[in-house]
Structures are given as C-alpha cells and as structure tokens.
Protein chains: 2
Amino acid sequence: MSKKRVLVIGGDGYCGWATALHLSARGYETAILDNLIRRHWDNQLQIETLTPIASIQKRLERWKETSGKSIELYLGDINDYPFLSEALLDFKPDAVVHFGEQRSAPFSMINRERAVETQVNNVVGNLNLIYAIRDLMPDCHLIKLGTMGEYGTPNIDIEEGYLEVEHNGRKDRMLYPKQPGSMYHLSKVHDSNNIYFATRIWKLRATDLNQGVVYGVITDETADDELLINRLDYDGVFGTALNRFCIQAAVGHPLTVYGSGGQTRGFLDIRDTVRCIEIAVNNPADRGEFRVFNQFTEQFSVGQLAKMVQQAGAKMGLNVEIQNVPNPRIEKEEHYYNAKNTALIDLGLEPHYLSDSLLDSLLNFAVRYKERVDMNLIPPHVLWSGKKSVENQSDTSPTEPQKSQEPALVK
Amino acid sequence: MSKKRVLVIGGDGYCGWATALHLSARGYETAILDNLIRRHWDNQLQIETLTPIASIQKRLERWKETSGKSIELYLGDINDYPFLSEALLDFKPDAVVHFGEQRSAPFSMINRERAVETQVNNVVGNLNLIYAIRDLMPDCHLIKLGTMGEYGTPNIDIEEGYLEVEHNGRKDRMLYPKQPGSMYHLSKVHDSNNIYFATRIWKLRATDLNQGVVYGVITDETADDELLINRLDYDGVFGTALNRFCIQAAVGHPLTVYGSGGQTRGFLDIRDTVRCIEIAVNNPADRGEFRVFNQFTEQFSVGQLAKMVQQAGAKMGLNVEIQNVPNPRIEKEEHYYNAKNTALIDLGLEPHYLSDSLLDSLLNFAVRYKERVDMNLIPPHVLWSGKKSVENQSDTSPTEPQKSQEPALVK
C-alpha cells in the first residue's frame, strides 16, 4: 500500500517544519502550505528565533539535496479561499494537518487588534478548510491542532474531548466544557466547535489534537544541518516555558517563573509531536467522527520545570537562579490538574519522557547559540489585565480612549 | 433615582426596535446604534417584511411626535472600532443591549461566504464591544442576545448557562456544553465563550440572554402607527416558525412543517422580549459575573404550533392545511427537550402565554397585509447539506469547485 499524501498547513513553523520533514523522511508524499506570516510577525514585534533559520525555499532545496525527497510548497494564505481550493485540488491530500494558526496566547492579548486578528485568522482559515474539504474532497482527513489550554484548569479530571454527563437521572455524552485562558485559546475552542458541527452535519472526518506545551528542538531530520534547523523561540510572546527556561539558564538570566509557579500543564517533546501526527495520519477518523486526542506525555508544574532546569544546569557548571516574577497572566496558580492522555498511547505512541539527557542537550544547544540572545526579549511584556507593563506606561488618562500599542519588546 | 441610559445595538431590527420604543416609553434614556445591514441583506436576497416599515430616521421622527421622547441614533457599524468608541463615549450608557448580529440560521448556511460573514460579523462586533467596555466604561452592563439554539437538543435537562458536574468523585460548576445547529448558532456560542472570558479576566458585568423563538409583532408602542410598525418576516431565511405559519395561513399556503415536526423549542411573545430586556437592565449582573438567562416562556414542537394555527384559522373561516415538507435542516426530529427558564420569572417576568386571542390577532394582522406576500419567498431554499435545492441545481460536476450561489429566492 502506498503511503498517504499529507498537506502540512503551517509547515514553515516550529511544529509544522519538524512534522513535514518527519513525514517526508518516512515516505509520505508531503507538501507544505504556508503564508510565512510568522516571519512577518517576528519582524513586526522585533523578535527572533534563537536559531538562525533559513528561508522556506532554501530549507526545501537543502532537504532535497540531503534526502533526495521533494516537498512541494504552496505559498499563500488559507484565508484566501481560491488559493486554498487550488492548492488542495493540485496536491490531492489524503490528510491535511492544520498547524496554520496564530498560536501564541500573549500575542492574542497584546491589544484588541491582535485579539481580533487572532480570532479572525484562526476561525476563518479553519472554516475555509472545512468548506474546501466538504466541497472538494469530503473523504480527506482533517487533523487539526488544538491545545490543552482549551480546557483551562477545571476542578475535575480532564477527559479526551468528551464528558459522560449524568444529570437529573438522564445521561448524555457531550463535548467537554472548556475554560480557555486567552483570546488565542478561545479561538481554538471556536475552531473545535465549528469542526464538531461539520462532522455532525456533513460527515467530515476530523481529529482534534489538544496539544500540550511543546519543548525541544532536535528531531532526526532537523538536528545537524544549519539549513534544516528548526526555530527555537525564547521571547515572552512566542517562547514556551521549558524552552525559555533552558535559554535563560544558558545566558545567565534568572528563570522567569510566573507567580508562585504552581500552574500545572501537559508537556511533550517535539519528537513526540511529529510521531503523534504520523499516528493520526495512519489511523484516520471515521466519516462523521470528531475524534479528540489529548496530545501530551507528562504533567509538570512550572515551578517543577524550573527546578529541573536548575539541577541540569548545575551539572553543566551553570549557576541558575529562579525568580518568581509577577504573573502577567490572569490564571489560577494553585489548582487541581489531572488530564487523560491514553488514546495516542493506545495507538502506539512511545513517549520521550523529559530526562536529564534531554535537558543536557537542550541546554547545550542553547549555549551554542547564546550569542544570539537579546536579553530585552526575555521578560514578559504582555499583561492579561490590559494595563500597560511598567516600561510601557504613559500619561494617558484611563477615561480617554487608549491608543493601542504593541509591547515595546525592544527598548 | 433617574432611569438608566440604555444603548440598543441593532435597534432597527425586529426585537431591537420593539425594545428601544418600550424602554423610551418608560422613561429610559434610549439610543439606537445600527448599521442598517439587515435592510441591505433584504435587498440582496430580494426579501421583504410583510409590514411596510419606514426608514429609521422617519421612525424616530414619528416617535418624537407621538411620545414627545427623543431616541438618539448612531448610524454605523460596531465592527468599526473608532465609530463604536465615539458612540459609547458620546452616549455614556449604563447598559448596552446587543441585538446587532446576523441572526438567521438559514442565512449562515447559504454558502461558505455567508457562514464566514456571519461568524466574522458577530464575533468581531462582540469582541469590539467587550474591549470598548473594558477600556472606556468598565462598569457598563453588557446585555447580550444569545439563543436557546446554542444548547441544541441534549438528552439531559437544559439549565440556565451552567451545569454542576460530578465526575470521578470531584465536582465543578462549568459552562453548559453546547451543541449548536448552524454556523449562526455557532457564532453565538463563540460570543458566549468570549464574554465569559471577559467577565473572568477583566471583571466586566454581562448578561447572556439565550432567547427562544420570538413570535408576534404588536407591542404597546408599535401597534397602531404605520410609521412605527415593526417588521414581520415570513420568508424562509429570516422568518421564524409561528410568524411564518400565521402568514402562510392568511394567504392559503399550506403550513410548511419541516420533516415530522417533532422538533421542540422554547418560544416567547415579543411583548415578553421587551420586558425581559427591561428586567435585565434594572437588575445588572455583578462585576465579574457572567449571568445566563434562558429567555423563553413555553415549549412547543413545530407540529403542535402548526395544529394551533390550523385551529385558530378554522375559527376565522380559513381552511389551513399542514404540509410536512422535506427538512432543509439537519437536526433531530424527535428528541428529549426540557429547558429551564425560572431566572427571569424570579425577577418578575409575567409571561404572555400563546393563546387563541394572540393567534387571532396575529392571523388578522397577517390577513391585513396579505396582498404584500410574495409566495416565492415562503418555501425554504437553503439546505443544511450544502447541496443545491431542486430549483437551484446546475450541471456543475461535484468534483469541480462549485461556484457559491445565493439561493434564488425569487425566480
């Protein structure tokens, strides 16, 4: 049986790039669709990945040279429906992996404009994809990246997408109630509701992957070639907890634990992200099925993560301090958290657990590129309250309409 | 104590117009904000209200003549944030009643473009409103119109917004899980999630009114003056069940019951809509509270409604037939339905129950204007399946991208 054809939307991004190469290396006919907006946002916010990433065109040329495999590139925006339709009809995917969304909670909380941009970009792109699949290739499997952050921190166990409810003596199986914590997380909840509808009404096949916080940068295909290297974000907008901590440790910046650090979340290694996608591709949802997987391998509190990085740093001779900074987010800092994640393991996922060796290699990687770190990008500048952070305060009266501002990430 | 200042967004529409006059008549300082897009959609779809409604400017002039009261008009779009901000700062409302959304399920299911238009219009307008209240007048009470259709038809009792969940020995109070049945209903679920977030994070005060299907046209202020008369939609896109049936009965068209007619929903008289809004204005939600009321007074199945109209028609000498037409929607036609609606009654709502006299007056009203009925507008033309209805079928191959089409409501 020939391997499936997979279109990776957002294939120039952190998870998308690693996924596209992973699939291509394993014989899947792979294409990337991307509008490169993430690189544009980096320019707008004056942020930069730790690693110097090549252009998508150079990346793909290099991949062809080293692997002998071609990845087709569709350069454009899924919010442009004619472009999306043409790309789908041209490539004829068996599965579409949809990473192509604005994926930062702080970005969505910068101001009203960024909140609207996030929700419109994500919701409309996803709607276009649903309609394109319905009208052009109804058997195509939609693999959509959601986030564990859709659930928030409920006081009950987090199940995989659905909850069996018993109420006043009657029962139903319902979508798990969500408590998303940012305008970005809300956009993912909107997407999930829209996709669930499409599976009920039009019998599309969809898998919603509620992914945890991804860490790591090295996958089999991206490790050793400067032109294939993946991005690694450490700034306060796009950087994720563990990656940020390792880079902070490498440059001697105290680890920025938000508040008391009791916030517990699901985490996974980027090597498991790419495996989970492959598993989803190989095990498509049924027609009419809205299948939800919680895609993470371990739970940690932010404080625990910081301590683990501190210990791994000590073994390398790094003196790592932990600093509890005022929490820029509005969230519970101590809470119950018990999320299920058995569905992907039942389908064969063998997790990479967070280990000393992973922390060593990630820390070493961070040290290798530490000259590129801009210390101004490390502190969080986006406040959930909508108030300006200290360095951004102006004399504007609170009763006057405030001029929306991007955070001054570089002073 | 002086009465509150209330801004009615969407005040040129069916519920909005009746509400604005009701509040103005009772001494509330009332303003209307509307972009008149509903009149534009009527033109685009070639549909017309049964009643000949005057322009909003003539309506307001007439209201001033007859009542001596002024209603200020802000003509513009809440998707235009500078306009919205200026209007709010100028009028300084104590409460904003937000009717200003695309409110038709069939409209949202016409095609991809209308689905995207519905979700973007509704979600962005609502987001702008949340941000404007946060930044300009955080104590202002947001009264947002949702819909009972957000809940769908779960197999358990429908509570007012929240569900007490017990799961694996632990408990939480969570937003009631939603199963919306159209792109429009989904947009209202997105709004509810966005507003709930704003109350949690920014301590806004919000009331979400999950309104049932509204029927009737006569309120104290709009009954007897041709320039103040309310709109009454009977077409397959904007017409609601009972209003449509009465107009069908008046012109001798068989009542168009979709499928078996077992679909049960909550209904209310438009005279109760305006009272519910007044009650919400007088009893604001607390800061940080996301308060949800189910705004309906009675439950009926569509088949029951048709029989009641048939009987009322018989007493007037009308020979009313009932026709079970193929259901254009994809929905359960027989299901459990038991929705709670005690919160508004606890605050003093005295319901107008559907009665023979109401049906008589609505039927008489329909007969009065029956010369204006365009029979072509009565059948449903929008199919949830996305397929074209019989009269719209073309030779387009299903594997080619289909050109999106508006339903040919007038042939």
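The table below lists the values:
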item: Reachable aspartates and glutamates from B:LYS387, criterion Cα separation under 19 angstrom, eight or more residues apart if same chain; result: A:ASP135, A:ASP139, B:GLU113, B:GLU331, B:ASP395, B:GLU400, B:GLU406
item: Lysines whose Cα lies under 28 Å from that of B:LYS315, excluding same-chain neighbours fewer than 8 positions away; result: B:LYS307, B:LYS370
item: For peptides B:207-213, B:294-300, sequence by mean Cβ density within 10 Å, most packed first; result: B:207-213, B:294-300
item: Rounded to whole Hz, the Karplus (6.51, -1.76, 1.60) HN-Hα couplings of region A:153-162, x for glycine and proline; result: 10, x, 7, 10, 4, 8, 8, 8, x, 10
item: Residue-averaged beta-carbon neighbours from other chains (10 angstrom radius) around B:167-178; result: 6
item: Farthest positive-ward along the protein assembly as shown dipole, Cα basis, beta-carbon charges - from B:THR273, B:SER385, A:ALA343; result: A:ALA343
item: Partner chain coverage, peptide A:135-143 - average Cβ within 10 angstrom; result: 2
item: Region A:249-295: Cα Rg divided by the 2.2 N^0.38 Å rule of thumb; result: 1.84
item: Table column - 3J(HN,Hα) (Hz), region B:110-126, Karplus curve with 6.51, -1.76, 1.60, x for Gly and Pro; result: 4, 6, 4, 4, 6, 5, 5, 4, 4, 5, 5, 4, 6, 5, 6, x, 5
item: Kirkwood hydrodynamic radius of region B:108-147, Cα pairs, Å; result: 11.5
item: Average Cα contact separation per residue, chain B, under 8 Å, 6 or more apart, as relative contact order %; result: 20
item: Integer Hz, Karplus 6.51/-1.76/1.60 couplings in order for region A:319-336, x for Gly and Pro; result: 8, 9, 9, 10, 10, 7, 8, x, 5, x, 8, 10, 7, 6, 9, 9, 6, 6
item: Amide H contacts of A:THR30 (H built 1.01 Å from N, under 5 Å, at least 5 apart or other chain); result: A:VAL6, A:GLU72
item: Along each principal axis, Cα extent of region B:205-248, largest first, Å; result: 38, 26, 14
item: Cα principal axis extents for region A:331-377, largest first, Å; result: 42, 32, 17
item: Taking the convex hull of Cα positions in chain A, its mean projected area over all directions (nm²); result: 21.2
item: Chain A: most fluctuating residue of A:GLY152, A:GLY259, A:GLY169 per GNM, C-alpha cutoff 10 Å; result: A:GLY169
item: Calculated FRET value between B:GLU226 and B:SER260, using beta carbons and R₀ = 56 Å, to 0.05; result: 0.90
item: Whole-Å distance, taken between Cα centres, linking region B:317-364 and region B:99-127; result: 25
item: Nonlocal amide H pairs with A:ILE322, under 5 Å, H built at 1.01 Å; result: A:LEU255
item: Globularity index of the protein assembly as shown, i.e. its alpha-carbon radius of gyration over 2.2 N^0.38 Å; result: 0.99
item: Cα-based radius of gyration of region A:259-372 once divided by 2.2 N^0.38 Å, which approximates compact folds; result: 1.31
item: Equivalent ellipsoid semi-axes, region B:1-54, via Cα gyration tensor eigenvalues times 5, rooted, Å; result: 27, 11, 6
item: Calculated P(r) tail over 28 Å for region B:64-207, as whole % of Cα pairs; result: 29
item: Amide proton proximity set for B:GLY76, modelled H, under 5 Å, gap of 5+; result: B:ASP34, B:ASN35
item: Cubic angstrom per residue, convex hull over Cα atoms of region B:188-275; result: 147
item: Set A:LYS171/A:LYS203; B:LYS3/B:LYS69; B:LYS144/B:LYS178; B:LYS144/B:LYS332; B:LYS4/B:LYS188; A:LYS188/A:LYS332 screened for pairs whose C-alpha atoms are more than 22 Å apart; result: A:LYS171/A:LYS203; B:LYS144/B:LYS332; B:LYS4/B:LYS188
item: Shielding of A:111-124 by partner chains, average beta-carbon count, 10 Å; result: 4
item: Convex hull of region B:1-146 built on C-alpha atoms - directionally averaged projected area, nm²; result: 9.1
item: Neighbour net charge for B:GLY146 - beta-carbon separation under 9 angstrom, K R +1, D E -1; result: -1
item: Order of A:GLU86, A:GLU101, B:GLU278 - criterion: other Cβ atoms within 10 Å of each residue's Cβ, fewest first; result: A:GLU86, B:GLU278, A:GLU101
item: Candidates A:THR118, A:THR222, A:THR30, ranked by Gaussian network fluctuation over chain A, Cα under 10 Å, top entry; result: A:THR222
item: Estimated [θ] at 222 nm from DSSP helical runs (n ≥ 4, -39500 (n - 2.57)) normalised by residues in chain A, nearest 500; result: -11500 deg cm²/dmol
item: For chain A, built as a Gaussian network whose Cα springs stay under 10 Å, the top-fluctuating residue of A:VAL320, A:VAL116, A:VAL96; result: A:VAL116
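Only the coordinates and a few stated rules stand behind these numbers; no lab work does. Only a predicted model underlies this, so the values are computations on that prediction, with no experimental measurement involved. Here Cβ is always computed from backbone atoms with ideal geometry, including for glycine, and neighbour counts include all displayed protein chains.
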